[in-house]
Ligand code: UDP
Ligand code: MG
């Protein structure tokens with residue numbers, strides 16, 4: 001029988017864990033041609049998430065958990081879960097039930113019967129989200145699709161099923177700065193998209209602040225394209241040539257009309273303008289150098305503090321495992 005691993009990142013989700021399990025488990029139990037396992041990753045929660053997971057994994061044979069030494073972010077939590085997964089397919093799900101569990105039978109069927117290697121989901125609406133956040137999200141997807149090779153669908157969720165082939169390819173990517181949504185697309189394979197209407201969080205609150213999302217967006221762009229660096233070059237050429245034009249203009253003006261000193265205001269404006277532009281492009285270059293710095297240090301993506309004994313044997317590989 002084929003095994004499906006459900007990978008669930010959790011950060012301060014004490015209220016969601018039981019609800020999630022009691023909703024999703026019966027659905028999986030109802031699909032008789034598969035077996036399943038749950039891998040919860042506690043991403044350094046400050047509440048009782050860890051205790052809840054321990055309890056659940058003691059009660060339920062098919063539940064394992066991994067607990068981080070601190071909060072490493074959702075990307076790292078997903079990575080740890082995917083690395084620990086043993087299934088023939090892996091499904092990523094949020095614990096807050098914003099990823100509708102009723103899509104599971106269809107996703108699994110598309111994989112098992114139709115032979116799709118990747119089945120991802122997309123929110124067709126963003127209802128219930130602050131409009132300003134939706135607007136920024138839209139602009140972000142427009143921008144990243146315009147300037148990078150990888151196409152990321154607007155509203156695509158991390159909620160997805162991946163065949164073992166796609167999982168192994170994903171794990172071969174060794175970069176530290178992981179923008180999973182883009183990496184999954186980059187990996188390729190026979191892919192299907194399922195659309196659904198936005199669902200509000202069951203309990204608790206979102207842990208993504210506006211600034212966290214801005215940083216996430218910058219990470220996404222910087223890790224998938226170097227075209228902002230090219231803009232700097234083009235812009236440099238443009239301003240250099242306009243400087244030449246201006247020089248000729250001044251020379252001819254002097255020859256034709258004699259010397260007339262004026263234009264203090266325009267000079268200050270130009271200085272400020274180019275000062276600003278230079279700082280912006282230095283910042284862009286800095287973003288990339290910063291990434292290089294992080295990649296070169298090659299720190300592990302996460303540190304495991306503790307995990308259920310059944311998963312301890314299984315997480316091997318390049319990441320530090322500190323067991324108590
Ligand atoms: N999450 C995580 N680490 C973090 C932030 C979030 O593992 O640092 C998990 C969280 O527990 C949830 C999922 O990622 O299962 C999505 O988070 P959230 O619902 O806060 O995001 P939103 O749905 O608002 O995008
Ligand atoms: Mg959520």
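Would you confirm, using the coordinates I've provided, whether residue 94 is touching a residue at least 60 places away in the same chain (Cβ under 8 Å) and assigned to a helix (DSSP H, G or I)? It is false that residue 94 is touching a residue at least 60 places away in the same chain (Cβ under 8 Å) and assigned to a helix (DSSP H, G or I).
The rows are residues; the columns are (1) in a strand (DSSP E or B); (2) buried (at least 20 other Cβ atoms within 10 Å of the Cβ); (3) touching a strand residue (DSSP E or B) at 6+ places or on another chain (Cβ under 8 Å); (4) without any contact (Cβ under 8 Å) to a residue 12 or more places away in the chain.
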| position | (1), (2), (3), (4) |
| --- | --- |
| 3 | yes, no, yes, no |
| 35 | yes, no, yes, no |
| 54 | no, no, yes, no |
| 61 | no, no, no, yes |
| 70 | no, no, no, no |
| 87 | no, yes, yes, no |
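Scanning the range 72-85 for residues that are within 15 Å of ligand 2 (Cβ to nearest atom) and assigned to a loop (DSSP other than H, G, I, E, B) turns up just one, 73. For the residues 95, 119, 90, the requirement of being within 16 Å of ligand 2 (Cβ to nearest atom) and in contact with a helix residue (DSSP H, G or I) (Cβ under 6 Å, 6 or more places away or on another chain) singles out 95.
Just one of 133, 126 is within 13 Å of ligand 1 (Cβ to nearest atom) and in contact with a helix residue (DSSP H, G or I) (Cβ under 6 Å, 6 or more places away or on another chain); which is it? Reasoning before the result, please.
Values: 133 fails: in contact with a helix residue (DSSP H, G or I) (Cβ under 6 Å, 6 or more places away or on another chain).
Step by step, each of 133, 126 is checked, and only 126 is within 13 Å of ligand 1 (Cβ to nearest atom) and in contact with a helix residue (DSSP H, G or I) (Cβ under 6 Å, 6 or more places away or on another chain).
Put simply, of 157, 230 the only residue that is out of contact with any helix residue (DSSP H, G or I) (no Cβ under 8 Å at 6 or more places or on another chain) and either surrounded by 15 or more Cβ atoms within 10 Å (Cβ to Cβ) or assigned to a strand (DSSP E or B) (or both) is 157.
Summed over the range 173-215, the residues that are within 11 Å of ligand 1 (Cβ to nearest atom) and outside any helix (DSSP H, G or I) give a count of 12.
Scanning the range 190-199 for residues that are over 15 Å from residue 156 (Cβ atoms) and within 20 Å of the chain's Cα centre (by Cα) turns up just one, 199.
Residues are listed down the side, and each one gets a yes or a no for (1) closer than 24 Å to residue 102 by Cα; (2) more than 22 Å from the chain's Cα centre (by Cα); (3) modelled with pLDDT of 90 or more:
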residue	(1), (2), (3)
6	yes, no, yes
26	yes, yes, yes
30	yes, yes, no
38	yes, no, yes
61	yes, yes, no
73	no, no, no
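Taken together, 171, 104 contain a single residue that is more than 15 Å from ligand 2 (Cβ to nearest atom), touching a residue at least 24 places away in the same chain (Cβ under 8 Å) and farther than 30 Å from residue 22 by Cβ, which is 171.
The values are calculated or read from the model by the stated rules, or taken from the named source; none is laboratory data. Because the structure is a prediction, the values reported are computed rather than measured. Positions of Cβ are backbone-derived with ideal geometry, glycine not excepted, and every protein chain shown enters the neighbour counts.
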